[in-house]
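Visitor: Handing you this structure, nothing more for now.
Derivation of every value follows stated rules applied to the coordinates shown; laboratory data play no part. Please read all numbers here as calculations on a predicted model, not as lab measurements. All Cβ positions, glycine included, derive from the backbone under ideal geometry; neighbour counts span all protein chains shown.
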Amino acid sequence: MATRNPPAQAPQQQARPARALRGAAISFRADPFLAEDPAATLRHWPDALIRLEGGRIASIGDYSAEAAAGLAVTHYPDALICPGFIDTHVHYPQLPMVGAYGEGLLEWLERYTFPAEMAFADAAHAARVARVFLRALLAAGTTTAAVYGTVHAASAEAFFAESARLNTRMIAGKVLMDRNAPAALLDPPGGGIDESAALIERWHGRGRQLYAVTPRFAPTSSPAQLAAAGRLWREHPGTYLQTHLSESPPELAWVRELFPEAEDYLDVYHRAGLTGRRAVFGHGVHLSEAEFCRCHATGSALAHCPSSNLFLGSGAFRLPEAKRRDRPVRVGLGSDVGAGTSLSTLRTLGDAYKVSRLNGTRLSAVQAFWLATRGGAEALDLEDRIGSLEPGMEADLVVLDLKATPLLEMRMAACGSLAEQLFALMTLADDRSIRATYVAGERLHG
Ligand code: GUN
Ligand code: ZN
């Protein structure tokens, strides 16, 4: 009896049709802080077709029926498609105590932060908070973050495990502390470095996960621990270094007392080998000209955390100083939750504008969206993978709803330009405007 030819391809093995997103889209081609014509740095497609393939952007261009033929197209009218937001400084273990009342930095750490971080001795607690945190990040349109754990190795382990499950591109590390914190939060002599090394072996470069050596800040590490952190970082090329720098005046005075030999706060880290490309310093509110110059010379980045600086009363970061054209410093945006009060990049940008007004300057909407996307990618040395909508980039995207609320819809109707729309978004919008978040081409939110 003749046998039938088998079908060319079993139905369950048929490839999914190539997918694409349709809608207005923006992406940066250059840094608006440095360009002669800042407005020209922003590309805008009023109606784009973005083809996704293998977790990456395969192409982006103007929509046409021919270009869309054969593609499964998801259409987002009344929306703006942006590169996924990038949060360059955030503490996931502090999510359960965000918005703690009424203290400056050092008292806030003692009274609220350290007790909350002690709970991460329990790995199940860490796993629970990591899950909630990453979901909340995606709901805010953030697809990459530089994240602090606690001193417990299990805090970083739990975070990476959840991020790997979601396939989000994340940078994270276990905090290092060996003095000036409760005993339960101190690394044993040498222990913190060994545990960090083991986490690097296990997680750095595994899928989309990246490791950051994470001494909390100068006051909670001995000079020996800072030096050991510097050696560890340099022994593992491609890893990150993250810590806090020059956040509040009482902190600066304490650092001067603890490190009398250092020229300034940044010099404490520089002497320990902790400056350079892929070093990301949170805050930098009170940096001197010499420190800005050293950030520029070493390629170190700053994470501007306006919500946190307002909440703790730390001071007003001088962004135009940091970005001065003769010695520009890489700057990204940080929510710094739990001192910052929201994971929303849009709300954090609103705060950044208000901080700029305290300085007598004014952050433009174009500059703001740069900070939240391509600027963050440059601060994290990831601009070849994320932060813009270009062929070959990883397909991490956020779709912003321009009519998320009646108020926003009414305000948008009064906007005469894209810049005005962006400014209305950063002033009025929040998570309600996150219509969808895509991670490596997959819709994980919305
Ligand atoms: N400096 C040292 N630790 C911290 C922290 O957890 N949050 C903030 N905002 N600043 C710090
Ligand atoms: Zn912080």
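Visitor: What are the principal axis extents of the Cα atoms in the range 130-205, in Å, biggest first?
Guide: Here the spans come out as 39, 25, 15 Å, largest first.
Visitor: Still on this structure, please answer the following. Can you give me the long-range amide H partners of residue 340? Hydrogens built in the peptide plane at 1.01 Å from N, cutoff under 5 Å, separation of 5 or more residues or another chain.
Guide: So residue 340 has HN proximity to 308.
Visitor: So who's got an amide H within less than 5 Å of the one on residue 59, skipping anything under 5 residues away but keeping other chains? H placed 1.01 Å off N, in plane.
Guide: Result for residue 59 returns 51.
Visitor: Take each of the peptides 100-108, 327-335, 218-226, 51-59, average the number of other beta-carbon atoms within 10 Å over its residues, and list them starting from the highest.
Guide: Peptide ranking by packing, descending: 327-335, 218-226, 51-59, 100-108.
Visitor: Taking the 0 to 90 degree range and rounding to the nearest ten, how far is the long axis of helix 123-139 tilted relative to the main principal axis of the chain, both from C-alpha atoms?
Guide: In the chain, helix 123-139 runs at an angle near 50 degrees to the longest axis.
Visitor: Still on this model: Quick one: the Cα spread of the chain along its three principal axes, in angstroms, biggest first?
Guide: Sorted from largest, the Cα extents of the chain read 83, 65, 39 Å.
Visitor: What fraction of the Cα pairs in the range 40-183, stated in percent, has a spacing above 28 angstrom? The partial results should precede the final answer.
Guide: On the way: 3875 of 10296 pairs.
Here the tail beyond 28 Å accounts for 38 percent of pairs.
Visitor: Roughly speaking, what is the stretch gain from residue 359 to residue 290, that is 0.36 nm per residue apart minus the C-alpha to C-alpha distance, in nm to one decimal?
Guide: Numbers: separation 69, 0.36 × 69 = 24.84 nm, distance 1.99 nm.
Net length gain for the segment: 22.8 nm.
Visitor: Which number comes out as Rg/Rh for the range 21-73 once both Rg and the Kirkwood Rh are worked out on C-alpha atoms?
Guide: 1.09
Visitor: To continue, here is another question. Tell me, what are the semi-axes, in whole angstrom and largest first, of the equivalent ellipsoid of the range 200-270 as set by the roots of 5 times the Cα gyration tensor eigenvalues?
Guide: That gives 27, 12, 9 Å for the three semi-axes.
Visitor: Bins of 10 Å, beginning at zero and ending with the bin holding the largest distance: percent of Cα pairs per bin for the range 359-446, please.
Guide: It works out to 16, 39, 36, 9, 0, in whole percents.
Visitor: Starting at the first residue of the range 336-343, write each ³J(HN,Hα) from the Karplus equation 6.51 cos²θ - 1.76 cosθ + 1.60 with θ = phi - 60°, in whole Hz, x for Gly and Pro.
Guide: 6, 4, x, 7, x, 9, 8, 7
Visitor: Just the ratio, please: alpha-carbon radius of gyration of the range 260-314 over 2.2 N^0.38 Å, N its number of residues.
Guide: Ratio of Rg to 2.2 N^0.38 Å for the range 260-314: 1.16.
Visitor: So how long is each side of the range 307-412 along the principal axes, counting just the alpha-carbon atoms, biggest first, in Å?
Guide: In descending order, the Cα extents are 41, 39, 26 Å.
Visitor: In Å, what Kirkwood hydrodynamic radius results for the range 40-124 from the alpha-carbon pair distances? List each step's numbers first, then the result.
Guide: Working: mean 1/r = 0.0563 Å⁻¹.
In the range 40-124 this quantity evaluates to 17.7 Å.
Visitor: Just need log10 I(q)/I(0) for the range 251-364 at q = 0.15, 0.17 Å⁻¹, Debye formula, equal scatterers on the alpha-carbon atoms, no solvent, rounded to two decimals.
Guide: The Debye formula, applied to the Cα set alone, gives -0.66, -0.84.
Visitor: Now a separate question. Around residue 356, under 12 Å between beta carbons, what's the net of Lys plus Arg minus Asp minus Glu among the other residues?
Guide: +3
Visitor: With all distinct Cα pairs included, what does the Kirkwood hydrodynamic radius of the range 147-296 come out to in Å, to one decimal, could you say?
Guide: 15.5 Å is the Kirkwood radius here.
Visitor: List the residues, sorted by chain then number, that are 5 or more residues from residue 330 or on another chain and whose placed amide H is less than 5 Å from its amide H.
Guide: 302
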